[in-house]
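**Student:** Next up is a structure, given as C-alpha cells.
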Amino acid sequence: MSEGAAVSVVIPTCGRSRQVAAAVKSALTQSYAPLEVIVVIDGFDPETINALGTFGDRRLRLITLEENVGGAEARNIGVRSACGEWIAFLDDDDTWMPEKLRRQMEVAASVSAPFPIVSSKLLVVRAGMKRVLPRRLYKKGEDVSEYLLCRRGLAYGDGMLQTSTLLAKRDLLLNLPFLKGLKRHQDWDWLMKAARLPDVEIAMVPEVLTAMYVDEQSGSVSQSTDWKVSLEWAQEARSAMSRRAYSFFISTECVSRAQQNGAGVKVVCELLRTYFQDGYPSARSLVLFLGFLLFSRRHRNIRKRWPMKSFLTRRTEVITGYE
C-alpha cells in the first residue's frame with residue numbers, strides 16, 4: 001500500500017469539466033499519495049465523464065448520480081463510498097499544493113483528540129487579484145462559530161475553515177454527515193456541529209496549501225442574494241452558534257444579501273429585530289450592520305482594492321477599542 005493509502009479524496013462536481021480536471025490532477029499528484037480520488041458527478045454530465053476519462057489512473061473513481069442532489073449530499077455519498085480512514089474534501093473549482101496532504105497528516109498525527117479536523121491557509125484568486133486567507137488562524141478551544149462569523153470589517157476572511165482545506169476521519173463524517181438539502185453555509189453548519197462533539201479538535205496548518213478560485217459570474221448558490229435562505233439556516237443552527245456569532249451573521253451575511261436584493265424597510269426591520277432579540281449585539285456588529293446596509297457590493301470591492309484600511313474598519317476599531 002502507498003504512503004497515503006489511508007486518505008480518500010472526495011470531489012463533488014456538476015457542469016465544470018475543465019475545472020474539475022485541474023482539481024483531480026492536483027489531488028492525484030500529491031506528494032502524500034491518496035488511496036483514491038472519488039469524483040461524485042451530481043447529475044447528467046457527459047462532458048465531465050469524458051474529461052476525466054483521459055486520466056488513466058486507477059485511483060480515480062467516478063460516481064455518477066442520475067439526479068442532482070446538491071453539494072452536501074454529494075459529499076456524503078462520496079464519504080460512504082470511500083475506503084480510506086481519512087477524508088479530504090476538494091471543491092471542483094479549487095486545487096491543492098503538492099504538499100497539502102503530507103502537511104495535514106503530519107499535523108493530524110500531533111493532535112491528541114480521537115477526531116482531528118485539520119485545515120490550512122489558502123490562496124484566494126478573484127478577478128485577477130490574489131490574497132492569502134484567513135487573516136488569523138484558529139486557536140485551540142476558541143468558539144468555532146465566533147471564529148467563522150465574527151468579522152473585524154466589511155471584507156470577508158478574518159476566520160476561515162474552507163471546505164477544500166478540510167481533512168477529517170471518515171468515521172466522524174459517517175456519524176455526522178453534511179446536512180442534506182442545505183443550499184448554502186454547508187461547511188459552517190458541519191464545522192459548528194462537529195466542534196461541539198467532545199472528541200473533536202480543530203487544528204490548522206499555517207501554510208498556504210489550497211488555491212480557491214472565485215468566479216463572480218458563476219451564479220453559484222454561495223453568491224446568491226437570497227437572504228431568506230441564510231436567515232432560515234441561522235435560525236435553524238442557532239443552538240450551534242453563540243449569540244454573539246448570530247448577531248454578526250445577521251449583520252454580514254443576511255444584511256449584505258438583502259441589500260444586494262433591493263430589500264425594503266420591512267426586511268431591514270425584520271433583520272434588525274432578530275439581530276437584537278436573538279443575538280448578542282456589539283458596537284462592531286452594529287457598525288457592520290449599517291455598513292453592509294449602506295454600501296453596495298461594488299463600493300465594498302473598491303474598498304478591498306484600496307491600499308489603506310477602510311474608514312469603516314478604522315471606525316469599528318475606535319468604537320470597540322480593538323486594533
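**Student:** Tally time: how many residues in the stretch 263-294 are open to solvent by 60 Å² or more (accessible area, probe 1.4 Å) and not basic (Lys, Arg)?
**Tutor:** 10
**Student:** OK, next. So, in the stretch 134-176, how many residues would count as being within 15 Å of the chain's Cα centre (by Cα), more than 24 Å from Ser251 (Cα to Cα) and either polar (S, T, N, Q) or open to solvent by 10 Å² or more (accessible area, probe 1.4 Å) (or both)?
**Tutor:** Adding up the residues that qualify gives 2.
**Student:** Out of curiosity, is Arg102 in a strand (DSSP E or B), over 19 Å from the mean Cα position of the chain (by Cα) and either surrounded by 14 or more Cβ atoms within 10 Å (Cβ to Cβ) or of a type in the set (Gly, Ala, Ser) (or both)?
**Tutor:** So Arg102 fails the test.
**Student:** Let me ask another. Show the residue pairs that are 6+ apart or on different chains and have beta-carbon atoms under 6 Å apart, the first residue being within the stretch 26-55 and closer than 20 Å to Met212 by Cα, the second being aromatic (Phe, Trp, Tyr).
**Tutor:** Ser26/Trp96
**Student:** If you don't mind, there's one more thing I want to ask. Just give me the residues in the stretch 105-130 being outside any helix (DSSP H, G or I) and under 16 Å from Leu173 (Cβ atoms), in sequence order.
**Tutor:** At the first step, the residues of the stretch 105-130 found to be outside any helix (DSSP H, G or I) are 110-130.
If the condition is that a residue be outside any helix (DSSP H, G or I) and under 16 Å from Leu173 (Cβ atoms), then Ala113, Pro114, Phe115, Pro116, Ile117, Val118, Ser119 are the ones that fit.
**Student:** Turning to a different aspect of this structure: All but one of (1) open to solvent by less than 10 Å² (accessible area, probe 1.4 Å); (2) in contact with a Ser or Thr (Cβ under 9 Å, 6 or more places away or on another chain) hold for Asp187; state the number of the condition that does not hold.
**Tutor:** With (1) open to solvent by less than 10 Å² (accessible area, probe 1.4 Å); (2) in contact with a Ser or Thr (Cβ under 9 Å, 6 or more places away or on another chain) applied to Asp187, the lone miss is (1).
Residue by residue, here is whether (1) farther than 18 Å from Tyr147 by Cα; (2) among the basic types (Lys, Arg) holds:
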{"residue": "Lys180", "(1), (2)": "yes, yes"}
{"residue": "Leu197", "(1), (2)": "no, no"}
{"residue": "Glu207", "(1), (2)": "yes, no"}
{"residue": "Thr210", "(1), (2)": "yes, no"}
{"residue": "Trp227", "(1), (2)": "yes, no"}
{"residue": "Met241", "(1), (2)": "no, no"}
{"residue": "Leu272", "(1), (2)": "yes, no"}
{"residue": "Tyr280", "(1), (2)": "no, no"}
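**Student:** Another question, then. Could you please find all residues in the stretch 250-262 being open to solvent by 40 Å² or more (accessible area, probe 1.4 Å) and under 17 Å from Trp233 (Cβ atoms)?
**Tutor:** Listed by number, the list holds a single entry, Asn261.
**Student:** With (1) without any contact (Cβ under 8 Å) to a residue 40 or more places away in the chain; (2) under 16 Å from the mean Cα position of the chain (by Cα) as the list, and Asp189 as the residue in question, which single condition is left unmet?
**Tutor:** (1)
**Student:** So if I check each of Val40, Val79, Val9, Val20, which one is more than 17 Å from Phe178 (Cα to Cα) and open to solvent by less than 30 Å² (accessible area, probe 1.4 Å)? Can you show your working first?
**Tutor:** On the way: Val40 fails: more than 17 Å from Phe178 (Cα to Cα); Val79 fails: more than 17 Å from Phe178 (Cα to Cα); Val9 fails: more than 17 Å from Phe178 (Cα to Cα).
The conditions single out Val20.
**Student:** A further question follows. Cβ-Cβ under 9 Å, sequence separation 6+ or interchain: first residue in the stretch 247-264 and under 14 Å from Trp188 (Cβ atoms) and among the aromatic types (Phe, Trp, Tyr), partner in a loop (DSSP other than H, G, I, E, B) and modelled with pLDDT under 90. Which pairs?
**Tutor:** Once the first residue is under 14 Å from Trp188 (Cβ atoms) and among the aromatic types (Phe, Trp, Tyr) and sits in the stretch 247-264, no partner that is in a loop (DSSP other than H, G, I, E, B) and modelled with pLDDT under 90 comes close enough.
**Student:** Same structure again: Looking at Ser230, Ser247, Ser285, which is the one that is under 18 Å from Leu182 (Cβ atoms) and either assigned to a helix (DSSP H, G or I) or within 20 Å of the chain's Cα centre (by Cα) (or both)?
**Tutor:** Ser230
The values are calculated or read from the model by the stated rules, or taken from the named source; none is laboratory data. As the structure is a computational prediction, the values presented were derived from the model and not from experiment. Ideal geometry is used to build each Cβ from the backbone, glycine not excepted, and the neighbour counts take in all protein chains shown. For the accessible areas, the whole protein counts, side chains as well, though only heavy atoms, and no ligand, DNA or RNA atoms are used. Shrake-Rupley method; radii C 1.70, N 1.55, O 1.52, S 1.80 Å.
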